[in-house]
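Data first, discussion second: the structure below is written as structure tokens.
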Amino acid sequence: MKKATFFSALAFLALAGASSVQAEGVTSGNPALIAVEIENQTPCFLFGGYQLSLGMRYGHFRFRASTQDSGRADFEDTGIDSRSSVFRRSYDDGSFSASVDYFLNKCLFTYVCLGSNRWLVQNKDTLATDHLRTLDAGLGLGFQFFVYKGLFVQLAASINIRDRQSLIIEGEEYTVPGIDYSPGLQLGYKF
């Protein structure tokens, strides 16, 4: 119930912000300040997964919503405060995030993100799996380079924090790291 209320409030604020930004752009006589961006984290495809972000850019700000499934990619090695050699951890269907980016100049940006991630945790020896849901908050830095007209390449990385939760898979206890980093390579287009 709390998650549904949270996401409803987030969707309402996003829609209110979108209509407000659209109205400001139209009345100011400069609708070029508003742009839509679509991007994907290309390495996810190499591991049998996907990532898709839709963003709205207004001046120095960009608001993004993303969903992803990292396929076979193992994110357990990105843990900063703990790692497990027994388990692998990957984003699974149902992982969503929202980000607010601020562009310091044409290329460099910083961002904050909030994600509701559904992790697929697998015991490497027995291949037994289970799911774990976390609420992650992150702070990141990135570079966006335009290579041709609206086509861009984006490199970014964030530090994420979450509650350390545990689960037991076939008698082995797994605890998700409370702090990890998330590198990213995205290809996208700005309309």
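Note down the nm distance, to one decimal, between modelled labels 7 Å out along Cα→Cβ at His131 and at Ile38.
Between His131 and Ile38, the simple spin-label model gives 2.7 nm.
With a sphere of radius 14 Å drawn around the Cβ of Lys190, what net charge do the other residues whose Cβ falls strictly inside it have (Lys, Arg +1; Asp, Glu -1)? The partial results should precede the final answer.
On the way: positive: Arg57, Arg62, Arg64, Lys106, Lys149; negative: Glu37, Glu39, Asp101.
It works out to a net charge of +2.
Out of residues 5 or more away from Ser95 or on other chains, whose amide H comes under 5 Å of its own, with H placed 1.01 Å from N in the peptide plane?
Hits under the 5 Å cutoff: Gln68, Arg118.
Sum up the charges of everything whose Cβ sits under 10 Å from the Cβ of Glu170, counting Lys and Arg as +1 and Asp and Glu as -1, but leave Glu170 out.
On the way: positive: none; negative: Asp125, Asp130, Glu172.
Computed value for this residue: -3.
As an exercise, find the ratio Rg/Rh for the range 54-191 from alpha-carbon atoms, using the Kirkwood inverse-distance average for Rh.
Details: Rg = 16.5 Å, Rh = 16.0 Å.
Expressed as Rg/Rh, it is 1.03.
State, as an integer percentage, the relative contact order of the range 34-191 based on alpha-carbon contacts under 8 Å between residues 6 or more apart. Provide the component values of the computation, followed by the final result.
Details: 426 pairs, mean separation 33.6, N = 158.
Relative contact order for the range 34-191 comes out at 21 percent.
Among residues other than Met56 whose Cβ falls under 10 Å from its Cβ, what is the net charge (Lys/Arg +1, Asp/Glu -1)?
+2
Could you please state, rounded to a whole Å, how far the C-alpha centre of the range 122-191 is from the C-alpha centre of the range 32-47?
16 Å
Could you put Glu173, Glu37 in order, starting from the residue whose Cβ has the fewest other Cβ atoms within 10 Å?
On the way: Glu173 11, Glu37 22.
Least to most surrounded, the residues fall as Glu173, Glu37.
A short reminder: the numbers here are calculations on the coordinates, not readings from a lab. Note that the coordinates shown come from a computational prediction; the quantities given were computed from them, not determined experimentally. Quick reminder, even Gly has a Cβ in these numbers, built from the backbone with ideal geometry, and neighbours come from all protein chains shown.
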